[in-house]
Structure formats: structure tokens, C-alpha cells
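Derivation of every value follows stated rules applied to the coordinates shown; laboratory data play no part. Small disclaimer: the values here were computed from a predicted structure and weren't measured. With ideal geometry, Cβ positions are generated from the backbone for all residues, glycine too; neighbour counts draw on all protein chains shown.
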Amino acid sequence: MFQIVELEDVVRIPPNDFGNPLDDVATEILKMKYESTMTPELGYIIMLSDINTDSVGKIIPGDGARYHKVKFSTLTFFPKLQEIMEGEVVEITEFGAFVRLGPADALLHLSQIMDDYLTSDTRQGMIIASQSKRTLKVGSKVRVRITAVSLGRGTAMGKIGVTCRQPLLGAMEWIEEDLAKMDGKKVDAKPPEASAK
């Protein structure tokens with residue numbers, strides 16, 4: 001789930017930046033510290049905005065820098081268990097596919113794609129089902145459910161596991177085919193009132 005989170009921090013402005021605009025220096029320091037990082041509490045921190053730096057700073061004895069309180073907003077992505085998301089297949093491997101969900105790649109294991117015998121062709125970048133002949137390839141748009149989340153700290157990538165083995169999940173073209181089949185069955189069936197007459 002994407003969300004905007006308000007945070008507060010203190011930035012250290014080094015003496016060599018005293019002549020530069022305070023907001024610009026604080027913004028650069030905060031971006032280096034937060035953007036493209038991850039925490040177990042916030043998830044993936046994508047970008048910062050609305051950075052407000054307190055113009056009055058403090059000096060600590062023995063340190064020539066100034067310390068300023070800062071309030072700012074962060075755009076974060078925190079994958080939640082059981083959340084349904086749409087993404088794009090970015091890589092096919094021998095054991096499954098990687099699906100891009102926001103700023104992260106999630107593992108869609110072969111066992112979690114469908115109830116069919118699957119063959120992974122890494123050279124052509126596709127997974128082929130033997131009975132249904134459905135394919136999943138690099139670039140396919142998919143709808144998945146998040147089944148596992150393990151987030152680290154800092155710049156280390158977390159791990160996300162997803163599944164398509166539920167109704168109305170999988171490649172978007174599969175979902176459209178399944179919906180068309182359901183609509184066809186509903187059209188053929190007579191409403192209860194019509195059959196009673």
C-alpha cells in the first residue's frame with residue numbers, strides 16, 4: 001500500500017554549507033538519508049516532499065555544525081499481507097517470475113501461478129502451462145495477492161512473496177477470459193421467474 005507519512009528529524013548542517021540556502025542543504029541531506037531506503041516500520045521510502053526546516057538551529061560544544069529540526073512528508077510503499085495488487089512481470093527464472101510491485105520486485109513461485117504443469121523457458125522469457133496453454137512472459141500485467149513480506153533496514157532489499165492461485169488473479173488476459181466464460185454461463189441460464197411461467 002502506498003501512503004504519505006509525516007516525519008520529524010534533526011539535520012546536521014556542516015560549517016562549509018553555512019552560506020548556502022538552509023532549506024536546500026537540509027533537503028539534500030534528508031534525501032541522501034531517507035530516499036531509496038527501507039525500514040520495517042515504514043516499508044520502502046520512495047521520496048520526500050514538503051520539507052520544512054526550523055530556521056533556528058542549535059550548536060553543540062566541540063562541533064562546529066548547526067542542528068536544525070525538520071518536518072517532512074514521505075511517500076512510502078508498505079506491502080501488506082493479503083493485499084491484492086497489480087504489477088508487471090520483469091523477469092522469468094527457472095523457479096518462477098519476478099513481479100514489479102511499486103518500487104519492489106516480488107517472487108511469484110511456479111507453485112503459486114496456477115494448478116497446471118508449468119514449464120519455464122528463461123531464454124524466451126516465458127512460463128507455459130501444458131494443459132491450458134496459458135503463458136506468462138516478461139511484460140505481462142498481472143494481479144497478485146501478497147502472501148509473504150520480510151522487510152529489512154537501510155538499502156537492503158526486502159522479500160515479498162505473491163500468489164495467483166485464487167479466482168480472478170493472474171495475468172490480466174486470463175482474468176478477462178475467465179470473466180467472459182462466467183458471463184457466458186450467466187446468459188445461457190434462465191432466470192428463476194422465466195422458468196416458472
Whole-Hz Karplus ³J(HN,Hα) for the range 47-63, in order, using 6.51 cos²θ - 1.76 cosθ + 1.60 and θ = phi - 60°, x for Gly and Pro?
-> 7, 10, 7, 6, 7, 10, 9, 5, 6, 9, x, 10, 10, 9, x, x, 10
Other-chain or far-sequence residues with amide H under 5 Å of ARG134's (modelled H) | ALA129
Only one of the values (1) 20.4; (2) 17.2; (3) 19.9 was calculated from this structure for Kirkwood radius over Cα pairs in Å; name its label.
-> (1)
To the nearest 10 degrees, how steep is helix 22-34 against the longest Cα principal axis of the chain, on a 0 to 90 scale?
-> 50 degrees
Longest principal axis of the chain (C-alpha) makes with the long axis of helix 172-188 (C-alpha) an angle, in degrees to the nearest 10, of 40 degrees
Between SER55 and ARG100, with labels modelled 7 Å along Cα→Cβ, what's the label distance in nm to one decimal, could you check?
-> 4.3 nm
Phi to ³J(HN,Hα) by Karplus 6.51 cos²θ - 1.76 cosθ + 1.60 over the range 97-106, Hz, x for Gly, Pro = 9, 9, 10, 7, 10, x, x, 10, 9, 10
Any of LYS33/LYS137; LYS71/LYS159; LYS80/LYS137; LYS133/LYS159; LYS33/LYS58; LYS137/LYS181 with alpha carbons more than 32 Å apart? Name them for me.
-> LYS33/LYS137
Ranked by GNM mean-square fluctuation in the chain (Cα springs under 10 Å), the top entry among ARG153, ARG100, ARG12 is ARG12
Footprinting proxy, SER55, SER140, SER120, SER111: sorted fewest to most Cβ within 10 Å, the residues are SER55, SER111, SER120, SER140
Loop sites only, by DSSP: take the GluC sites (Glu not before Pro) in the chain that have at most 10 other C-beta atoms within 10 Å and name the longest stretch containing none of them.
-> 95-197
Mind giving me the nanometre distance, one decimal, between the label points for LYS141 and VAL10, set 7 Å out from Cα along Cα→Cβ?
-> 4.9 nm
For the range 2-77: rounded, prolate or oblate by the Cα gyration tensor [a/c cutoff 1.5] = prolate
Go through the range 83-189 and name the chymotrypsin sites (Phe, Trp or Tyr not before Pro) that are in a DSSP coil and have 13 or fewer other Cβ atoms within 10 Å of their Cβ.
-> PHE95, TYR117
